[in-house]
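Can you keep this structure in mind? I'll have questions shortly.
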Amino acid sequence: MKETPLWYRLLWILALVIFKVFFGLRIYGRENIPLKGGVILASNHLSYLDPIVLGLLTPRKLNFMAKRELFENFFFRLLITKLGAFPLKRGRLDRSSYEKALSLIREGKILALFPEGTRSEKGKLRSLRKGAAKIAFKTGAPLVPIIIKGTDKALPKGKRMVKLAKIRVRIGRPLKVETFTPEKNADEYVDRLHKELERRMVSLGISEE
């Protein structure tokens, strides 16, 4: 089965047009996302619109970890599962989700993560969790830092009505990751990788226009 089915590509084109027309979506650094092979996208998280925006950064079908509560509604579960989401138990180690993430990347697919763990307040980047760095180290997949701006104005936290607002995305150069070997000090390497990811996300910023 192809990584990106035809129906997904058609939906992607439609959504991209809608976001460009109504939200003036601009994407900087799209060339930093590999066109093939396993890769991890690590983005800040401002709004429920963020997964859609991330999906528009590349025509490749994305896979997401999403909080388990979103899968409680039968029809919504069918929808987001079809779009590449799989459940994650927050607040504790979820071994099944972790293994699912590793499997997807090893199959050469693309995984999108929000290392903050939840939506941030007032657009400020929260402290990142180490999950993205751990998965990258375990698989050797490139880790791409991303900053989104404007989705918190288009759909603020706690609101249901979408407003028109400019959305900007800046994509940084991938962090090259050394693959796991028993000789490496895993904790030390993951810590360095995690700090570098955080540094790059902080430094990215998005141009005011």
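Can you pull out the residues in region 44-90 that are touching a Pro at 6+ places or on another chain (Cβ under 8 Å) and among the hydroxyl-bearing types (Ser, Thr, Tyr)?
Ser47, the sole residue that qualifies.
I need every pair where a residue in region 49-78 that is touching a residue at least 60 places away in the same chain (Cβ under 8 Å) has its Cβ under 8 Å from the Cβ of a residue that is part of a helix (DSSP H, G or I) and among the polar types (S, T, N, Q), sequence separation at least 6 or different chains.
Going by the 8 Å Cβ cut-off, the qualifying pairs are Leu49/Thr151; Asp50/Thr151; Val53/Thr151.
Within region 135-173, which residues are over 15 Å from Leu56 (Cβ atoms), of a type outside the set (A, V, I, L, M) and buried (at least 19 other Cβ atoms within 10 Å of the Cβ)?
Phe137, Thr139, Pro142, Pro145, Asp152, Gly172
Of the conditions (1) within 16 Å of the chain's Cα centre (by Cα); (2) charged (D, E, K, R); (3) not in a loop (DSSP other than H, G, I, E, B), Arg77 fails just one. Which one is it?
(1)
Taking region 9-54 as the search range and keeping residues that are among the basic types (Lys, Arg) and in a helix (DSSP H, G or I), which one is surrounded by the fewest Cβ atoms within 10 Å (Cβ to Cβ)?
Once the filter is applied, the top-ranked residue is Arg30.
Being at pLDDT below 80, touching a Gly at 6+ places or on another chain (Cβ under 9 Å) and of a type outside the set (Phe, Trp, Tyr) narrows it down to one residue among Arg106, Arg77, Arg90, Arg68; which is it?
From the options Arg106, Arg77, Arg90, Arg68, the qualifying one is Arg90.
Report, by residue number, each residue of region 50-70 that is among the β-branched types (Val, Ile, Thr) and within 20 Å of Gly37 (Cβ to Cβ).
Thr58
The values are calculated or read from the model by the stated rules, or taken from the named source; none is laboratory data. Remember, it's a predicted structure, so these values are computed and weren't measured experimentally. For neighbour counting, all protein chains shown are included, and Cβ atoms are generated from backbone atoms with ideal geometry for every residue, glycine included.
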